[in-house]
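Below you'll find the structure, written out as structure tokens, and then a few comments.
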Amino acid sequence: MKEKIQNWPLWVFGKWLLLAVATGLMAGAAGTLFHFVLEEAALLRVAHGWLLYCLPAAGLIIAASYKYLAGDKDKGTNMVLTAIRANEPVPLATAPLIFLSTALTHLCGGSAGREGAALQLGGSLGSWLGRTLRLDEKDSRVLVMCGMSAAFAALFGTPVAAAVFSLEMVSVGVMYFSALIPCAVASVTGFLVALSLGVPPTAFQLLHVPETSAVSLLSALALGMGCAALSILFCIVMHHAAHFFKKYFPNVFWRAAAGGLAVILLTLLLGTRDYNGAGMEIVAAAMAGSALPQAFLLKLLFTAVTLGSGYRGGEIVPVFFCGATFGCLLGGFLGLGPSFGAGLGLAALFCGVTNCPITSLILAVELFGGVGLPFFLVACGASYMLSGYYSLYGEQIIVYSKLKAQFAEIKAH
């Protein structure tokens, strides 16, 4: 009788409402605190330029923290994907480690984002709650996804994209629809926590949205094709940078110091701090129609050196930076307008590196208000199909082929 009651839809629905709200409150509060810490770190970095020269020391602290507290086995966001697929627990220590190490990276001028940290932070808290409540294997996986959704929504202010991202990113082509309500409730809860505490949603206004026509849609398609090529380059550079630093600097402390010194030298050579930190101000400038032609390549270089040498953060905000500046440049050539091209580039490059087309379209709606949606559809579609089986996340599985109506079961590379 007890087993029958536990399988009743209303019982399951009520259980997940409670669990999702609890996870959303916890991960949302952590994500909100994380947002304020990173904002303060960015302000301090701008106000005190000498902090850049502390980057190697920050790298040594991060390396020591992960070596002695996490056993140097932490695989970043890939660890969270493995937790969902194979029910491997995400250690609770991951939450404070990624929180503090990402803050140090941003404070001292490393080029990194924040979403990777958000996914790990939320996933760690969700995994801990599942173990504490002694949930079974399947429910524990869903709770990890709830934590990811809530923390992502709190940081970016995009609750729908955050919920769908957790459903879509693990196994490309197959979505965990049984986790839809839990992730949705957790995501909205995390978003509301952040909103109530004064975190504004991320949003941009696109200028000169073109009329829908065959010519303009073909231009958007071409931009999506360009973003597919850039997404492959982005993934290859990021993966090879990590291999390069591990090969030539096998000691984690020398690796972090070398990466920090490289970022300092690159910054001094260029004479600008535009490529340090997350770079959302450059994204905003691209959305207004202004970007340097070389900006996307330089940001990729800075990010590859930073994350490849062991600093912590995420790749998605740098992807936003590269996509927006690349789209701003290419959009002008294609007749779409620099501002609108920047919006298309951001969404299409995100799609190419994550293999998440549905999330990308929803992200475009939440970031840009839903204007020009057919253009985003064709640009993201082209980027998804032509980006191959590359991904930022090596543990991502391409379950369904991008080219044929058949199962593929290919591990991303």
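The values are calculated or read from the model by the stated rules, or taken from the named source; none is laboratory data. The structure displayed is predicted, hence computed values, not measured ones. Because the Cβ atoms are built from the backbone with ideal geometry, glycine has one as well, and the counts that use them run over all protein chains shown. The area values use the complete protein model at the heavy-atom level, side chains included, leaving out ligands, DNA and RNA. Shrake-Rupley method; radii C 1.70, N 1.55, O 1.52, S 1.80 Å.
Annotation for the stretch 392-408: at least one member residue is of a type in the set (Phe, Trp, Tyr), modelled with pLDDT under 95 and open to solvent by less than 10 Å² (accessible area, probe 1.4 Å). Residues that are aliphatic (A, V, I, L, M) and over 25 Å from Leu363 (Cα atoms) number at least 1 in the following helices (runs of 4 or more DSSP H) confined to the stretch 231-335: 252-270, 295-308. Ile358 falls short on exactly one of the conditions (1) in contact with a Gly (Cβ under 9 Å, 6 or more places away or on another chain); (2) open to solvent by 40 Å² or more (accessible area, probe 1.4 Å); (3) under 26 Å from Leu121 (Cβ atoms), and that condition is (1). When we screen Leu121, Leu97, Leu133, Leu125 for residues that are within 30 Å of Thr267 (Cβ to Cβ) and out of contact with any Asp or Glu (no Cβ under 8 Å at 6 or more places or on another chain), the only hit is Leu121.
Residues of the stretch 35-52 being farther than 28 Å from Gly198 by Cβ and either surrounded by 15 or more Cβ atoms within 10 Å (Cβ to Cβ) or touching a Gly at 6+ places or on another chain (Cβ under 8 Å) (or both), which ones? Result: Leu52, single match. The number of residues in the stretch 336-391 being under 15 Å from Leu230 (Cβ atoms), of a type in the set (Phe, Trp, Tyr) and part of a loop (DSSP other than H, G, I, E, B) comes to 1. A single entry from Ala186, Ala194 fulfils the requirement of being modelled with pLDDT of 95 or more and in contact with a His (Cβ under 9 Å, 6 or more places away or on another chain): Ala194. Applying a threshold of 9 Å to beta carbon distances and a minimum spacing of six or more residues, or different chains, the list of pairs starting in the stretch 372-389 at a residue that is modelled with pLDDT of 95 or more and ending at one that is among the charged types (D, E, K, R) reads Tyr384/Lys402; Met385/Lys402; Leu386/Lys402; Ser387/Lys402.
Of all the residues in the stretch 214-236, those that are open to solvent by 50 Å² or more (accessible area, probe 1.4 Å) and either of a type in the set (Val, Ile, Thr) or at pLDDT below 95 (or both) number 2.
Return the residues of the stretch 107-137 that are closer than 17 Å to Ile61 by Cβ and open to solvent by less than 10 Å² (accessible area, probe 1.4 Å); say none if nothing qualifies. The answer is Cys108, Gly109, Gly110, Ala112, Ala117. Being in contact with a Pro (Cβ under 7 Å, 6 or more places away or on another chain) and either buried (at least 24 other Cβ atoms within 10 Å of the Cβ) or under 25 Å from Val164 (Cβ atoms) (or both) is a condition met by no residue of the stretch 308-327. The one condition from (1) over 17 Å from Thr359 (Cβ atoms); (2) assigned to a helix (DSSP H, G or I); (3) at pLDDT 90 or above that Ala117 does not meet is (3).
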